[in-house]
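Single-structure report; data block below.
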Amino acid sequence: MSTILIKNGTVVNDDSQQRADVLIKDGIIVDVQYNISVGDGEDVEIVDATDKLVIPGGIDPHTHLQLPFMGMTAVDDFESGTRAALAGGTTMIIDFVIGDKSEGLIKSWQKWRGWADPKVCCDYGLSVAVTKWSPEIAEEMEELTKPEYGVNSFKFFLAYKGSFMINDSEFFEAMQQCSKIGALARVHAENGSAIEKKQQELLALGVTGPEGHTQSRPEELEGEAANRACVLAAQANCPLYVVHVMSKPAAKAIAEHRVKGHVVFGEPIAAGLALDGRGYYDKDWDKAASLVMSPPLSRDPSTPEALMDLLASDQLQVTGTDNCTFQCCQKRQGLNDFTKIPNGVNGLEDQMSIVWEKGVHSGKLSPMRFVAVTSSTAAKIFGCYPRKGRIAPGSDADVVVWDPKRTRVISQSTHHQKVDYNVFEGMRVHGVAEVTICRGKTVWRDGQLSVEKGTGRYVPLSPFNDFVFGTINRKKEMSRPVNVVRDLPSHTLRPAAQEGSKSPRRSLENKDYLADTTNFTRSNQTG
Ligand code: URP
Ligand code: ZN
Ligand code: ZN
């Protein structure tokens, strides 16, 4: 039981900004208005937000805490990862369940809950990866959308051949299933088969260092896969979310499909908005290896700014981090073979400051758009808005007092993550989380964290979320197969049909021609 009053700040939501105080009671925002006063003698924690912004806590929709991957386990777990998140102003994450292929999806989901619940320091949801396909998996997907599991998105890998990757026909069927059960499909868009071939060629030529990672994954392959995923999703009538958009070709594919009216969202990540891929050629192996992630950072130095421009103009919609951290010594597993370097970078602690610096401080994003891309839009896409992602009465009190003018220098020596490097090392950023309030408790203030592990809660996410599925049923209706009934010239009748059926025309109409007409929508039909 606690009351917090945030005084004299500027409250910023994704659609409005106003001078107001914010009153929080028992974990919920109860009032937002100019000059709130509280009764004498009431036990109230006052937070002064003069000259500061009061914003919804960040939501990172893409994390991999303690993920077992490429023979290693990511070092930042649900405790260190979420503590660091709070220090940076992020108050909710959506982590990916990527279980062992030998166990079912529900078993994997339970394993993740078992890992997260005792440790997690902020609220969290789960998205489940589908790395093999069968009717049983389809059933499990449906089961997972029930309230007791609360999963409304599934992830598919078009990369990591031989481990997580599924093929196009499996991906297509899985997206048809997503459409049926009201779930969002999320995709890692790369061409796993072409990459595998290129990796072998590079290794055979003696290119074994981290520079081989980027050369084996040209950004055209990310663009091809993003386009392929968008085309297949539209054909499956399934809403699509492309994770970690790292290159211009991939972003362009997403933007083009959005223009066509397809339901597709694109997520650039903090690393991709701040860094380019020239670092893969660094003489210092550890430094170059620290950047190894997939898809790789773009070698085109103009990409980070271009991605931010697309975010500003709503051609990309939401930022994440893809936080998946491996220590230097873990990365060294690939010392003689870049294909064995565990993939992943940090970002969870720094993403809010990175997006502020590269977006708002550079004049590309307004503070409202900043709130949209770092918080509200994720809440809308995953169906927890306005409980999350909004400063308004009734919303969870996940609130950050943000100092837009203060600067800090990002460094491994001061960060709260366990990982022993920081890909943003030495970067000076404007925009600092001064105070973080998570579910009504002040957890970060004066540079100090005060939070107990296990206090974060699981947030079940519901299927058929209107923000994502609002047009899907009508699209299905508008594109239903059409069967043209017509009198056929007798010479086109097949002998079997002529002989075997009392009513050959009827049998032809219903059976033989149905498949030929499925590409015609009702609006194409003239008669
Ligand atoms: O390199 C990356 N991105 N590591 C995490 C796993 C994934 O692909 O999202
Ligand atoms: Zn991925
Ligand atoms: Zn990822």
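Tabulated data
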| read-out | value |
| --- | --- |
| Selection within the stretch 323-341 - touching a strand residue (DSSP E or B) at 6+ places or on another chain (Cβ under 6 Å) and either outside any loop (DSSP other than H, G, I, E, B) or open to solvent by 10 Å² or more (accessible area, probe 1.4 Å) (or both) | Asn323, Gln330 |
| Some residue of the stretch 45-67 being free of Cβ contacts under 8 Å to residues at least 40 places away in the same chain and under 18 Å from Ala397 (Cβ atoms) | no |
| Test: Phe154 is under 29 Å from Pro460 (Cα atoms), within 16 Å of ligand 1 (Cβ to nearest atom), within 22 Å of the chain's Cα centre (by Cα) and not basic (Lys, Arg) | yes |
| Tabulated pairs, the stretch 301-313, first of a type in the set (D, E, K, R), second buried (at least 20 other Cβ atoms within 10 Å of the Cβ), C-beta under 8 angstrom, 6+ apart or interchain | Glu305/Lys358 |
| Residue that is under 20 Å from Tyr241 (Cα atoms) and away from ligand 3 (no atom under 16 Å from the Cβ), where the choices are Phe382, Phe370 | Phe370 |
| Any hit, the stretch 63-78, residues being at pLDDT 95 or above, of a type in the set (Ser, Thr, Tyr), closer than 21 Å to Asp403 by Cα and open to solvent by 20 Å² or more (accessible area, probe 1.4 Å) | no |
| Residue match in the stretch 321-341 (condition: more than 16 Å from ligand 1 (Cβ to nearest atom), within 17 Å of Glu267 (Cβ to Cβ), touching a residue at least 60 places away in the same chain (Cβ under 8 Å) and touching an Asp or Glu at 6+ places or on another chain (Cβ under 8 Å)) | no |
| In the stretch 1-31, the residues that are in a loop (DSSP other than H, G, I, E, B), under 31 Å from the mean Cα position of the chain (by Cα) and of a type in the set (S, T, N, Q) | Asn13, Ser16 |
| Val38 vs. criteria over 26 Å from Trp112 (Cα atoms), touching a strand residue (DSSP E or B) at 6+ places or on another chain (Cβ under 9 Å), more than 16 Å from ligand 1 (Cβ to nearest atom) and modelled with pLDDT under 95 | yes |
| Candidates Ala159, Ala255, Ala236 - the one that is among the small types (Gly, Ala, Ser), within 16 Å of ligand 3 (Cβ to nearest atom) and either more than 24 Å from Val345 (Cβ to Cβ) or in contact with a Ser or Thr (Cβ under 7 Å, 6 or more places away or on another chain) (or both) | Ala159 |
| The stretch 470-486 residues that are under 14 Å from Ala234 (Cα atoms), paired with ones that are of a type in the set (Val, Ile, Thr) (beta carbon under 7 Å, 6 or more apart) | Thr471/Val263; Ile472/Val263; Met478/Thr521; Ser479/Thr521 |
| Filter result for the condition that a residue is touching a Leu at 6+ places or on another chain (Cβ under 7 Å) and either at pLDDT 95 or above or surrounded by fewer than 22 Cβ atoms within 10 Å (Cβ to Cβ) (or both), over Ile59, Ile24, Ile46 | Ile46 |
| From the options Asp300, Asp282, Asp286, residue that is of a type in the set (D, E, K, R), away from ligand 1 (no atom under 16 Å from the Cβ) and out of contact with any helix residue (DSSP H, G or I) (no Cβ under 6 Å at 6 or more places or on another chain) | Asp300 |
| Residue within the stretch 298-307 that is closer than 13 Å to Ala274 by Cβ, assigned to a loop (DSSP other than H, G, I, E, B) and open to solvent by 20 Å² or more (accessible area, probe 1.4 Å) present | yes |
| Options Lys252, Lys198: the member that is more than 21 Å from Met308 (Cα to Cα) and open to solvent by 10 Å² or more (accessible area, probe 1.4 Å) | Lys198 |
| Enumeration of residues in the stretch 183-195 that are open to solvent by less than 10 Å² (accessible area, probe 1.4 Å) and either away from ligand 2 (no atom under 14 Å from the Cβ) or farther than 28 Å from Leu126 by Cβ (or both) | Ala183, Leu184 |
| Tally of residues being of a type in the set (A, V, I, L, M, F, W, C) and within 15 Å of the chain's Cα centre (by Cα) across the stretch 114-136 | 3 |
| Among the residues listed as Val435, Val419, the single one being over 26 Å from Ser290 (Cβ atoms) and open to solvent by less than 30 Å² (accessible area, probe 1.4 Å) | Val435 |
| Qualifying positions in the stretch 61-80 - more than 13 Å from ligand 1 (Cβ to nearest atom) and out of contact with any Phe, Trp or Tyr (no Cβ under 8 Å at 6 or more places or on another chain) | Gly71, Glu79, Ser80 |
| Selection from the stretch 106-124 of residues that are touching a residue at least 24 places away in the same chain (Cβ under 8 Å) and either acidic (Asp, Glu) or touching a Gly at 6+ places or on another chain (Cβ under 7 Å) (or both) | Asp117, Pro118, Lys119, Val120, Cys121, Cys122, Asp123, Tyr124 |
| Which numbered condition His244 misses (of (1) of a type outside the set (Ser, Thr, Tyr); (2) open to solvent by 10 Å² or more (accessible area, probe 1.4 Å); (3) assigned to a loop (DSSP other than H, G, I, E, B)) | (2) |
| Residue match in the stretch 32-42 (condition: surrounded by fewer than 24 Cβ atoms within 10 Å (Cβ to Cβ), more than 28 Å from Val245 (Cβ to Cβ), over 18 Å from the mean Cα position of the chain (by Cα) and charged (D, E, K, R)) | yes |
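The values are calculated or read from the model by the stated rules, or taken from the named source; none is laboratory data. The structure displayed is predicted, hence computed values, not measured ones. FYI the Cβ positions are ideal-geometry reconstructions off the backbone, even for glycines, and counts take in every protein chain you see. For the accessible areas, the whole protein counts, side chains as well, though only heavy atoms, and no ligand, DNA or RNA atoms are used. Shrake-Rupley method; radii C 1.70, N 1.55, O 1.52, S 1.80 Å.
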